Amino acid sequence: MRLLVQRVSNASVSISGHTTARIGKGLLALVGIEPADTAEDIAYLAAKLVRLRIFDDPEGVMNLDVRQTGGEVMVVSQFTLMASTRKGNRPSYIRAAGEEFARPMYERFVEAVAQEAGRSPATGCFGADMQLSLVNDGPVTIWMDSKRKE
């Protein structure tokens with residue numbers, strides 16, 4: 001399971017020109033799921049996401065997590081995070097899980113984030129053609145992979 005996490009001033013999801021979710025200051029997490037992912041991957045990344053100390057404390061040091069700042073979280077599924085660009089110029093998405101596996105895993109991840117954060121995150125719509133708007137604050141962007149715990 002992979003996450004691309006961005007610290008944002010605000011973010012929104014639109015589908016067919018209609019805004020379906022919006023957050024203010026907080027975290028936008030794009031989630032990629034592969035067939036080998038398990039409940040342990042979900043638990044690890046949900047906890048890491050909510051506990052990431054990437055918000056400034058009063059001294060201007062990134063030392064606070066999203067809960068400590070009262071920030072919001074948005075979680076959006078994105079199978080393209082599992083892309084392989086090893087051969088040629090057209091990415092392969094063979095590592096991305098199919099919908100029958102990925103959708104329930106995504107839903108479980110959203111639930112795990114809600115438990116960790118103490119409130120439900122805003123979400124995209126699994127499988128939809130979504131347009132994301134965001135203001136990356138910093139910019140701060142962090143890549144996490146549950147199989148490569150770096």
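When the accessible area of the chain is split by element with a 1.4 Å probe, what percent falls to carbon and sulfur? Each step should come with its number before you reach the end.
Working: 4000 of 8280 Å².
In the chain, the share of accessible area belonging to carbon and sulfur is 48 percent.
Positive end of the dipole of the chain, charges at C-beta (+1 Lys, Arg; -1 Asp, Glu), about the Cα centre: which of 88, 63, 73 has its Cα farthest in that direction?
88
From the phi of every residue in segment 77-84, what ³J(HN,Hα) in whole Hz does the Karplus formula 6.51 cos²θ - 1.76 cosθ + 1.60 yield, where θ is phi - 60° and glycine or proline is x?
So the J values, rounded to whole Hz, are 6, 8, 5, 5, 5, 8, 4, 10.
Output ³J(HN,Hα) for segment 4-18: one whole-Hz value per residue in order, computed from phi by the Karplus curve 6.51 cos²θ - 1.76 cosθ + 1.60 with θ = phi - 60°, and x for Gly and Pro.
10, 9, 10, 7, 10, 7, 6, 7, 8, 10, 10, 10, 6, x, 10
Report residue 134's accessible area, 1.4 Å probe, all protein chains in place, as a number in Å² to the nearest 10.
We get 70 Å² for residue 134.
What residues qualify as long-range amide H neighbours of residue 8, i.e. H under 5 Å apart, gap of 5 or more or another chain, H built at 1.01 Å from N?
For residue 8, the qualifying residues are 26, 27, 28, 137.
Any chance you could give the angle, 0 to 90 degrees and rounded to 10, that helix 39-51 forms with the longest Cα principal axis of the chain?
The answer is roughly 30 degrees.
Mind putting a number on the dipole of segment 1-141 about its Cα centre? Charges go on the C-beta only, +1 for Lys and Arg and -1 for Asp and Glu, and I need it in Debye to the nearest 20. The partial results should precede the final answer.
Values: 15 positive and 16 negative charges, 73 e Å.
With only Lys, Arg, Asp and Glu charged at Cβ, the dipole is about 340 debye.
Per residue of the chain, what 222 nm ellipticity follows from adding -39500 (n - 2.57) for every DSSP H run with n ≥ 4, rounded to the nearest 500?
-7500 deg cm²/dmol
Give the lysines whose C-alpha is closer than 27 Å to that of residue 25, dropping any in the same chain fewer than 8 places away, or say none.
48, 149
Given a 1.4 Å probe, how much area per residue of the chain is accessible, in Å²?
55
Enumerate the calculated ³J(HN,Hα) couplings along segment 109-116 in order (Karplus 6.51 cos²θ - 1.76 cosθ + 1.60, θ = phi - 60°), each rounded to whole Hz, writing x wherever the residue is Gly or Pro.
5, 4, 4, 5, 5, 4, 5, 5
Just need the relative contact order of segment 3-150 here, percent rounded to a whole number, with Cα pairs under 8 Å and 6+ apart. Provide the component values of the computation, followed by the final result.
Details: 287 pairs, mean separation 54.0, N = 148.
Averaging sequence separation for qualifying contacts and normalising by length gives 37 percent for segment 3-150.
The values are calculated or read from the model by the stated rules, or taken from the named source; none is laboratory data. Bear in mind that the values here come from a model prediction, so they are computed numbers and not experimental data. So basically every Cβ, Gly included, is an ideal-geometry build from the backbone, and we count neighbours across all protein chains shown. Ligands, DNA and RNA are excluded from the accessible area calculation, which covers all protein heavy atoms including side chains. Shrake-Rupley method; radii C 1.70, N 1.55, O 1.52, S 1.80 Å.
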